[in-house]
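Visitor: Pasting a structure here, questions to come.
Each value in this text was obtained by applying a stated rule to the coordinates, not by laboratory testing. Since this is a predicted model, take the numbers as computed values, not measurements. Don't worry about glycine lacking a Cβ; one is built from the backbone with ideal geometry, like all the others, and counts go over all protein chains shown.
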Number of protein chains: 2
Amino acid sequence: MYGVILAGGSGTRFWPISREQSPKQLQEIVGPGTMIQNTVQRLLPLISIEKMYVGTKHNQAIETLRQLAPYGFVANHLMAEPCSRNTALAIGVMAQMMVDKDPDAIMGVFPADHVVTNSEAFIKALQKAETLARKGYLVTLGIPPTRPETGFGYLKQGAEIENHEGAYHVERFVEKPDNPTAKQYLKQGNYYWNCGVFIWKASSILKELQQHAENIHSQLKTIVDCLQTSKGKPGHQELNKKGADFFSALPSLSIDYAVMEKSSQVALIPADIGWNDVGSWNALDEVYEKDPNGNIIRGNVLAQDCNNSIIQGQNRLIGVLGLNDTIVVDSPDALLVSSKEHSQDVKKLVETLIEKNHPEGKQPSTVKRPWGSYTVLDSGPSYLLKRIEVLPGETLSLQSHKHRSEHWTVVSGKAEVIRDQETFHLKANESITIPQNAKHRLGNSESELLIIIEIQFGLHLDENDISRYEDRYGRC
Amino acid sequence: MYGVILAGGSGTRFWPISREQSPKQLQEIVGPGTMIQNTVQRLLPLISIEKMYVGTKHNQAIETLRQLAPYGFVANHLMAEPCSRNTALAIGVMAQMMVDKDPDAIMGVFPADHVVTNSEAFIKALQKAETLARKGYLVTLGIPPTRPETGFGYLKQGAEIENHEGAYHVERFVEKPDNPTAKQYLKQGNYYWNCGVFIWKASSILKELQQHAENIHSQLKTIVDCLQTSKGKPGHQELNKKGADFFSALPSLSIDYAVMEKSSQVALIPADIGWNDVGSWNALDEVYEKDPNGNIIRGNVLAQDCNNSIIQGQNRLIGVLGLNDTIVVDSPDALLVSSKEHSQDVKKLVETLIEKNHPEGKQPSTVKRPWGSYTVLDSGPSYLLKRIEVLPGETLSLQSHKHRSEHWTVVSGKAEVIRDQETFHLKANESITIPQNAKHRLGNSESELLIIIEIQFGLHLDENDISRYEDRYGRC
């Protein structure tokens, strides 16, 4: 079986920890390990890493690859989408890629940001699903509901499939129900949550797309032909200009809406696997153990008289007094305090932040770059102070700035610095000044992390004040 | 009349904004202006600045003087106490100082950290009090209660004083009552809140101290003889070693307990002056206007569906959702989230922090020094990053460090740097390195604020790693 992990989250529900540039699947929301790392880990008993593929947004590709590198993930098995077009198109492109290589390929589709606590039951359900998929079924796992949830779609169980004990036809897909209906489903016992895991032959889903979503299907070959390996490191798949235009012009449809609700070939395998979609901060209540007062507390927190609250600190000290059913999530540049009842509104809050052009709505305080990251520590009318971390073996572009000079002091590791015609090797406690307009480059050719403190000085300090002359990540 | 402002707050109730080193009276809790500045401002129509005295803790003296300098406050009118010994001793020492200079001195005593919204009524009450004080009364202002408050002491009104309309004998002082008693007081109408404002002849209070607190009174002359002007700038009064020992050995008593509750000379002037002791974050509800949902919101805050809450931000963005009767106070290094019901427990929380050796319990993130301030911005295993602000005309001590080198970059203003035998003049965008063991000194001889970014580097980074050779603030 091949594995396709869909990792296109927008990072709004777990604000301020998740941001558009660092969404939920790349965070340790339910650690240890980020959610996408745990998703890969969970599949490894069944699917070898060479058979795994990931679809993600272009601006999340490099960090995704970095997180999956320890598993031996193949860089050009990652497809970076030029924009979000929901699951139908992403699945179609992946299926088309696979069928071109292996006409009988069985393809499992997995969200990158869910929790499954019973991995063994999960793997067993997938094995059962694989045998059905070989027969042409579009197989989906159904989670036995534990509460009258109105935030999920449901699957209604039909007749058992002949010779496949514990597998059923699906009588119908149901959109998110209202509360009384959800209560009825829970009582009836023959409704399951749709958890977004699908197993099918790549050729089967293409056939179904052709039948039910011809506008998408008709473009898939063209789009796959436009895939190319990205320039420079790390070499993932991306679309050329033509492909990106085709991709962007297609409708944004979920695979459920485009195919599953319409197909007669859908099979259901009930799977009691400890699944949780971790859809909001409230969900931590279901996946973490609580203290005797019902609290989940992490970080440098002093709590008195608090009950049923979620308090998540980072570096700063948090004192909490007399809170009930409250969520407090701290981050270096932004803070959330919400009643649990309003936890679904975090998404709305972030949308408002973005509308109002608050950078904290999208950009995290530590900004990831192909070569490492930077964090703004302080700023004034004519200076900006950053901590810059350069990963082992990585190097920033050869660049210059029109409006600022930079002072670098190495505080950990060793730096290789090119400044105009000269090359410098700086170790910790050594400094260098980069004047305005000087062509310069910062690199780390050692095996340890390089940390420098940068003081930018100038009257016009802007990330866009950069001329790039050479870049190993194709950003020239 | 002379004014004595008692400014010895411990800074626990308004944590995390107030800390032991920067308590409530030095903060803009009810701005504009800090509370001690507003106290001085309020008294100026009646008491000229040359006749004002301040008692405070030794570690708050320099910042207090800096805040009062714009009013022309005389530095050696500030008495820095070696430790906290409550109001009886502080008042006794001040009275003794005054009577030595002016045997008929009238002395008004004022807490530094209260709010009075009706300044005109306040001044009128003080004027009336002065005439009574000249006749030998210990006069106190009584605030007409507006709620059955159990956190204050009460004064029971006695008979009107002959020829002094609107002034009364005090039948008795009452300690903080329980709720039913407080309700009864409110209903009866002849009980007033004791607001800690007293007006008397310095000689009268000394006579009463002699009668009711002889152990304190007997030491006052000795202690006053031990007062000396502090070495170096800024020249306030402090006790020499002998005086500090005497001072510290005396009991910690309030003037209410030591004298007022026992004296027969107490007079009461009811004063409806818009008084508020601003005793906890909840008190902001009484002194600030609220938005239509009953919230008081300051800083970079996005609030949705919040009611009757107090949200106070600083630099970071705060998103709040669905909060009711909740207090959120952010600061660079610590955060408070409390239900309003628990707002009195902030004091307890800070005590716990101090017990557990959390530096955030005592020390603010921006640490004041005689020459300016520093703020820690970042740290790692072998580096510490600070923003250092040096006030115009000020200079740090001539010093050296055994275990660290320092890199300084000027980002605003001009620096005068001595490094061993050399002197450097650095302007913005210029850097210098101070090696381990080098004797060095940083100064600002210009009229603008100097801001430098300091990177300390070493394996042992500690504020105590400092040898001082010369210091204009007497810290050698």
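Visitor: Check region A:124-214 and count each lysine pair with an alpha-carbon distance under 18 angstrom, considering only pairs eight or more places apart or from different chains. Let's see the in-between values first.
Guide: Values: A:Lys124/A:Lys135; A:Lys128/A:Lys201; A:Lys135/A:Lys201; A:Lys135/A:Lys207; A:Lys156/A:Lys176; A:Lys156/A:Lys183; A:Lys156/A:Lys187; A:Lys176/A:Lys187.
Qualifying lysine pairs in region A:124-214: 8.
Visitor: Test of the criteria: in region B:390-449, which GluC sites (Glu not before Pro) are in a DSSP loop and have at most 14 other Cβ atoms within 10 angstrom of their Cβ?
Guide: Qualifying residues, ordered by number: B:Glu448.
Visitor: I'd like the FRET efficiency for A:Lys241 and B:Glu50, computed as 1/(1 + (r/R0)^6) with the beta carbon distance as r and R0 of 60 Å, rounded to 0.05.
Guide: Working from the Cβ atoms, E equals 0.15.
Visitor: Taking beta carbons within 10 Å but only from partner chains, what does the mean come to for residues B:336-344? If you can, show how the numbers build up before the last one.
Guide: Values: counts 5, 15, 8, 8, 2, 3, 7, 2, 1.
Average neighbour count from other chains, rounded to a whole number: 6.
Visitor: Ranked by Cβ crowding within 10 angstrom, fewest neighbours first, how are A:Ser339, B:Ser447, B:Ser48 ordered?
Guide: Ascending Cβ contact count within 10 Å gives the list B:Ser447, B:Ser48, A:Ser339.
Visitor: Just grab the label-to-label distance for B:Val74 and A:Thr117, each label 7 Å out from Cα along the Cβ direction, in nm (one decimal).
Guide: Once both label points are built, they end up 7.4 nm from each other.
Visitor: Antiparallel DSSP bridges in chain B: what percent, to the nearest 5?
Guide: Approximately 70 percent, going by the DSSP bridge assignments.
Visitor: Rounded to the nearest 10 degrees, what's the angle between the helix A:179-188 long axis and the longest principal axis of chain A, both from Cα atoms, 0 to 90?
Guide: Helix A:179-188 sits roughly 50 degrees off the main axis of chain A.
Visitor: Just to verify a number: FRET efficiency for A:Lys221 and A:Asp104, C-beta to C-beta distance, R0 = 25 Å, to 0.05?
Guide: Given R0 = 25 Å and the Cβ-Cβ separation, E is 0.85.
Visitor: Moving to a separate point now. Per-residue mean of other chain beta-carbon atoms within 10 angstrom of the beta-carbon, peptide B:348-359?
Guide: Average neighbour count from other chains, rounded to a whole number: 2.
Visitor: Then there is this: Using a Cα-Cα cut-off of under 18 Å, which aspartates and glutamates could be cross-linked to A:Lys51, ignoring same-chain neighbours fewer than 8 residues away?
Guide: The qualifying aspartates and glutamates are A:Asp100, A:Asp102, A:Asp104, A:Glu130.
Visitor: In which sequence would B:Cys306, A:Cys476 go, from the one with the fewest C-beta neighbours within 10 Å to the one with the most?
Guide: Fewest-to-most ranking of B:Cys306, A:Cys476: A:Cys476, B:Cys306.
Visitor: While we're looking at this one, here's another question. For the pair B:Glu446 and A:Asp305, how long in nm is the line joining their label points, each one 7 Å along Cα→Cβ?
Guide: For the pair B:Glu446/A:Asp305, the computed spacing is 5.1 nm.
Visitor: Just how large is the dipole of region A:271-417 about the Cα centre, in debye to the nearest 20, putting +1 at every Lys and Arg Cβ and -1 at every Asp and Glu Cβ?
Guide: 820 debye
Visitor: Report, by chain and number, residues whose modeled amide H sits under 5 Å from the one on B:Cys306, excluding near sequence neighbours (fewer than 5 apart, same chain).
Guide: Answer set, sorted by chain and number: B:Gly322, B:Leu323.
Visitor: Using a basic spin-label model with each label point 7 Å from the Cα along Cα→Cβ, how many nm lie between B:Gln211 and B:Tyr469?
Guide: 6.1 nm
Visitor: Out of region A:126-197, which GluC sites (Glu not before Pro) are coil in DSSP terms and have no more than 14 other C-beta atoms within 10 Å?
Guide: Within region A:126-197, the qualifying GluC sites (Glu not before Pro) (loop, at most 14 other Cβ atoms within 10 Å) are A:Glu162, A:Glu165, A:Glu175.
Visitor: Ok, one more. Of A:Gly322, A:Leu336, A:Val376, which is farthest on the positive side of the dipole of region A:262-395, counting Cα position, with +1 on Lys and Arg Cβ, -1 on Asp and Glu Cβ, and the Cα centre as origin?
Guide: The one lying farthest along the dipole's positive direction is A:Val376.
Visitor: Would you mind estimating how fast region B:290-354 diffuses translationally, via Stokes-Einstein at 25 °C and 0.890 mPa s with the Kirkwood radius over Cα pairs, in µm²/s?
Guide: 201 µm²/s
Visitor: Could you calculate the contour length gain from A:Arg66 to A:Asn357, that is, 0.36 nm times the residue separation minus the distance between their Cα atoms, to one decimal place in nm?
Guide: Full extension from A:Arg66 to A:Asn357 adds 101.8 nm.
Visitor: For chain A, report the translational diffusion coefficient in µm²/s to the nearest whole number, using Stokes-Einstein at 4 °C, 1.567 mPa s, and a Kirkwood Rh over Cα pairs.
Guide: 53 µm²/s
Visitor: What's the extension gain from A:Asn437 to A:Thr131 if we count 0.36 nm per residue and subtract their Cα-Cα distance?
Guide: Stretched fully, the A:Asn437-A:Thr131 segment lengthens by 103.8 nm.
Visitor: Excluding same-chain residues fewer than 8 positions from B:Lys414, which lysines have a Cα within less than 28 Å of its Cα?
Guide: A:Lys386, A:Lys402, B:Lys231, B:Lys233, B:Lys368, B:Lys386, B:Lys402, B:Lys427, B:Lys439
Visitor: So for A:Ser397, A:Ser218, fewest C-beta neighbours within 10 Å to most, what's the order? Display every interim value, and only then the final one.
Guide: Details: A:Ser397 21, A:Ser218 12.
Sorted ascending by nearby Cβ count, the order is A:Ser218, A:Ser397.
Visitor: Now, a different point. Cα atoms only, region A:64-219: Rg and Dmax in Å?
Guide: Rg then Dmax for region A:64-219, in Å: 17.1, 48.
Visitor: Mind checking the mean number of beta-carbon atoms from other chains within 10 Å of the Cβ atoms in A:403-416?
Guide: Details: counts 0, 1, 1, 0, 8, 0, 9, 3, 12, 5, 0, 0, 0, 0.
Partner-chain Cβ atoms within 10 Å, mean over residues of A:403-416: 3.
Visitor: Pulled fully out, how much extra length does the chain show between A:Arg172 and A:Asn293, if you take 0.36 nm times their separation in residues and subtract their Cα-Cα distance?
Guide: 39.3 nm
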